[in-house]
Every structure is written in structure tokens, then in C-alpha cells.
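Just so you know, all these numbers are worked out from the coordinates, no wet-lab data involved. Bear in mind the structure is a predicted one, so any value in this text is a computation, not a measurement. Positions of Cβ are generated from backbone atoms using ideal geometry, with glycine treated the same way; all protein chains shown enter the neighbour counts.
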Amino acid sequence: MSRSNKNSHADGSLLATLGRLFLRDCKHHLRKQSDILNPICFFVIICSLFPLGLSADRELLNTIGGGIIWVSVLLSLMMGLNQLFRDDYEAGVLEQFLFTHTSLTQVVLAKIAAYWCLSALPMIILSPIVGTAYHLTGDQIWVLVIGLALGSPTLALLGSIGSALTLNLKNGGVLLAILILPLFAPVLIFGAGMVNAIHIGLPVNAQLSVLGALMFGSLSLAPFATSFALKNSLDY
């Protein structure tokens, strides 16, 4: 068999493995509907309460709307991070992956992808509707959606590291927040800053480039760091 055929076969088996793991985790989340509904409901509630509790001033809501939506997405995603690996850890599934020589990096990628698709993606879809409550313009909503599409995978990838580090702690939620919130700060700053930049008429190319760089950097490093942390939590 030629080298090119071997490489294509390896790539095909890798994608097939990732696909099976992804579908497995999606089915697991769909069986526990609270894992999907709670973050989405939390996101909608937070975004709905601020216009009711603050002034009805159009300019004020437009100024703070992007930041509030970004913070709401961040907090909503954090709700599920503590359970990202815990169910498989308590059931012994993670150890079985090691015994079957399945790459933990592949497991991590599949879990993050399933978590993002079922938690972050619905919030991105809802963000234009939520944005209308803050009187965001069409350009602001467009930039908000693009920013969330680039920034939310970074939040999930970085959050997986903290979830793996606190895996064997019974009450690791507070420690998880302390570990990952500083990592989330750059994404939040540049993401919310884009919406405000459009509001005052400034370009957003720089912020988009930074968010893209953060996403690809996290995608390159976070799965390996998470798999290493999982092995330490499993004492392997």
C-alpha cells in the first residue's frame, strides 16, 4: 500500500472515530435534557432581566447590550463545564477508553464539539433575537453572531482544561470558576468590544483577528492539555 493510501486510511479512521464519539456524546446529552435546556434558559433569563431592571433608555441599552449578551453566554457555558467529563469519570468510561487504547485527545475533541453544538450553538442562534431587546443595529447583531461563533469554541476549549483539572474533586465548581475565568477574560474583552466598536463607528478587523487566533490557538493546545489533565486525574 502506498504512503498516500495509508495516510488517507488513517485520516478516514480518525474522522470515523471522532464521528462515533461525537454522536455518542450528543445522545448522552439528549437523554439528559436538563444539560441542554438549563444553560439556554439561563441565558435567555439573564438577557431578559437587564432591560427590565435598567432604564428603558435606547442609547444605554445599546451601549451595554453586547457586553451583557457575552457575559450571559460565558456564564451559561460554565454551568455545564463541571459535568463535561464527570459522568464518564464516575461510570468508569474514561478508564475504559484508556484500556482500549483510544486516544483521550480524540475523546476530548468529541466531547467539546458535542457540548458546543448542543449548548453554545443554540445561544448563538438566539442572540439576534435577544439583541433586539437592547436595540442593537443590524451591523451590531451581525458582528455579535460572528464574534460568538469565533469566541464560544475558545470558551469551551479552555473550559475543558479546568473541568479536567477539577474532575476528582467533589465540589470543584468554585475552583473551576477561579481557574478558567482569567482565561476567559481576553475572549470577553475582544468579543464585547466588537459590538461597541460598531456602535461608535470603528472597524472590528483587529478584534476578529484576535478572536480567530485565540480559537485556533486553543484548538491546537487545549485538547492535549485537557487529555494530560484527565490522565493525572485518573492517576495514569
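Relative to the longest principal axis of the Cα atoms of the chain, the long axis of helix 205-233 lies at roughly 40 degrees. Relative contact order of the stretch 3-233, taken over Cα pairs closer than 8 Å and 6 or more residues apart, is 26 percent.
Summing charges over neighbours of Pro223, with a neighbour being any other residue whose Cβ is under 15 Å away from its Cβ, gives +1 when K and R count +1 and D and E count -1. Remark: Asp57, Asp235 ranked as Asp235, Asp57, counting other beta-carbon atoms within 10 Å and listing the fewest first. The count of lysine pairs in the stretch 3-233 whose Cα atoms are under 25 Å apart, excluding pairs fewer than 8 places apart on the same chain, comes to 7. Helix 3-31 sits at what angle to the longest principal axis of the chain, using alpha carbons and giving 0 to 90 degrees rounded to 10? Once rounded, the angle reads 60 degrees. Within the listed set Val44, Val73, Val174, the Gaussian network model of the chain (springs between alpha-carbon atoms below 10 Å) gives the highest mean-square fluctuation for Val174.
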